[in-house]
Amino acid sequence: MLDSRFFSYQNGELNCEGAGLEALAERYGTPLFVMSRNALKNQYAAFEDAFSGLDHFTCYSVKANFNIHVIEALAEEGAGCDVNSGGELFRALKAGVDPRKIIMAGVGKSESDIEYALSSDILMLKAESLSELRHIDTVAGRLGVVARVGVRINPNVTAETHPYITTGDSKEKFGIDEASFEEMFRLLGSLKHLRLVCLDMHIGSQIFDTGFFHAATEKLLDVLEATRSAGFAIEFLDIGGGFPVTYDPQDPATPIGDFAERLKPMLETTGLTIIFEPGRFLAANSGLLLTRVQYRKRNHIGKEFLIVDAGMTELIRPALYQSHHEILPVRERDTTMIADVVGPVCESGDFFARARTVGAVNEGEYMAILSAGAYGAVMSNNYNGRLRPAEVMVDQGQDRLIRRRDTYDQLIQNEVDL
Ligand SMILES: *Cc1c(COP(=O)(O)O)cnc(C)c1O
C-alpha cells in the first residue's frame, strides 16, 4: 500500500520523499527498487512506540531486506539484527551493527555459520534441535568459549497465513516441540560450553490475528515456567516477527498497537527483556519496484497484457504466494484499463496482477509496484539470464544508489573459464 507520507503524487508524478520516480527510472534504469529511508525509520519508530514501556530490544530480521544500507538505516535508530546465516551475519557486521546486538536463527546452521557467530561474539545463537545444541557445544568447546544460546520452541500454533509462511505448527520443520523439553533440559544441564539465555519462537509471517500471538505466547510462558523449575535462569524471551502490513487497501493489516496491547501485559509479568524480530513490518511498505511498460498486447479474446521489464526474478511474491501488490502508473492517469501485468520471464507464473484495473499506460511509461521493500530484492535471482536490479535509497529528496545493477560479466564471474 502507498504510505502517503513518503510516496505520493506531486504535480501528477509519483514521488518518493520528494524525488520524482520518472527521473529516478531514467537516471538509474529499470527495474529499480526505491527505498524511502524515512519510511523505514518511521516504521521502526511506530514499532518502538507501540511497545514503549516494555523492557525490550528490537532485532530487525534482515532477511526481509538485507541491503547493508537498509540495515544501517535501522541500526542507526537503535535496532539490532536477527540473521539467518553466516552471509546475513556478514552483512550485518558490514553495516556496522554491534555484534552484541545480533542474534542468529536458522533451522540448519552449518558448522561454519556457528563458528562465525561464536567467533564474532554475537549476543546469541538460537538452536532449533537437540542435535544443534550438541553441535554448538562442540564448536564452542573447540573455540574455548561459552556459547550463549536461545532455544526455539515450536508452540504448535497454526497461524492463519499463507501455508508457506506459517512456522509455528508442529508439522513444520521449525523449533523444538513439547515432547522433547525434558530431554532438552537434561542435555542443557550436561553441556559445558553452552549457557541458556533465551526462549524463542517465531510463528510465521504476515499474521493478522493477535489471537495467534496470544496463544503462542501463552505456550512460551508455560515453557518459561518449566525452564525456571528446571533451574535455568534466563534473560530474554524472544517472540519473533510476523507483524503484518497492508498490501491491499481492501484488506488492511491489524495495527501494531493492537498486538502491543494484547501482548504487553503478558510479557511484562516475565521480568525478562523481550526480543522482537520484525522484518516485513519495517521494510515492506518502505519500498517499491519501478518498472517500464515494454509492450501492450491484446489477444483474440480481448484480453490485454502489460508486459513490463520487471518479473518474478525481481519480485517473486505474486508467483510464490499469490500475493497482492498495488500497481500505480508513475504519471497519474484519469483513465483506467483492465490488464494482466506480467514480466518477461518464460514462466506462466511470472505475473504481478491478473485482470487488474490499472491506470491506462502506454508503452515506454513507468509503473510502480508497491509494497516491494520486503522479500523483494532479497529473493531476486538471475534466472533467464536476468540481471539483478539496481536499488536506490531516498532520504528527503536526495537519492543514492545503494546497489548497482548486475552486469553480464557478473553473470559468469564464478564460472570457470572455458
Ligand atoms: C522471517 C523471520 C522473521 C521476520 O518475519 P517477518 O514476517 O518479516 O516479520 C523473524 N524471525 C525469524 C526467525 C524469521 O525466520
Whole-Å distance, taken between Cα centres, linking segment 181-228 and segment 390-405: 40 Å
Report the extension gain between Y321 and D222 in nm, rounded to one decimal, defined as 0.36 nm multiplied by the number of residues separating them, less their alpha carbon distance. 32.3 nm
Students often check this: by mean Cβ neighbours within 10 Å, which of 134-142, 272-280, 13-21, 218-226 ranks highest, and how do the rest follow? 272-280, 13-21, 134-142, 218-226
Of L272, S229, V151, which is farthest towards the positive pole of the chain's charge dipole, taken about the Cα centre with +1 and -1 on the beta-carbons of Lys, Arg and Asp, Glu respectively? V151
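Taking Rh as the Kirkwood radius, which is the inverse of the mean 1/r over Cα pairs, what is the Rg/Rh value for segment 1-146? Each step should come with its number before you reach the end.
Details: Rg = 19.0 Å, Rh = 17.4 Å.
On the Cα set of segment 1-146, Rg over Rh gives 1.10.
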Using +1 at the Cβ of each Lys and Arg and -1 at the Cβ of each Asp and Glu in the chain, identify which of S180, T30, P99 lies farthest towards the dipole's positive end. T30
From the C-alpha gyration tensor of segment 105-278, square roots of 5λ in Å: 29, 17, 15
Using the structure shown, select from K173/K219; K94/K126; K126/K192; K63/K303; K171/K264; K192/K219 the pairs with a Cα to Cα distance greater than 26 angstrom. K63/K303; K171/K264; K192/K219
Choose one of Y295, A360, Q322: the residue whose Cα lies farthest towards the positive end of the charge dipole of the chain (beta-carbon charges +1 Lys, Arg; -1 Asp, Glu; about the Cα centre). Y295
For the chain, with only Lys/Arg (+1) and Asp/Glu (-1) charged at the beta-carbon, what is the dipole magnitude about the Cα centre, in debye rounded to 20? 560 debye
Rg over Rh of segment 283-397, using C-alpha atoms and the Kirkwood radius, what does it come to? 0.95
Let's test this: bin the Cα-Cα distances of the chain at 20 Å from zero up to the farthest pair and state each bin's percent. 26, 53, 20, 1
Once segment 178-307 is represented by equal point scatterers at the alpha-carbon sites, with solvent omitted, what log10 I(q)/I(0) does the Debye formula produce at q = 0.12, 0.18 Å⁻¹? -0.62, -1.03
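What is the diffusion coefficient of segment 215-284 in µm²/s, taking the Kirkwood radius over Cα pairs and the Stokes-Einstein relation at 10 °C with a viscosity of 1.306 mPa s?
116 µm²/s
Taken together, the values in this text are just the output of simple stated rules run on the coordinates, not laboratory data. Just so it is clear, the model here is predicted, and its values are computed rather than measured. All Cβ positions, glycine included, derive from the backbone under ideal geometry; neighbour counts span all protein chains shown.
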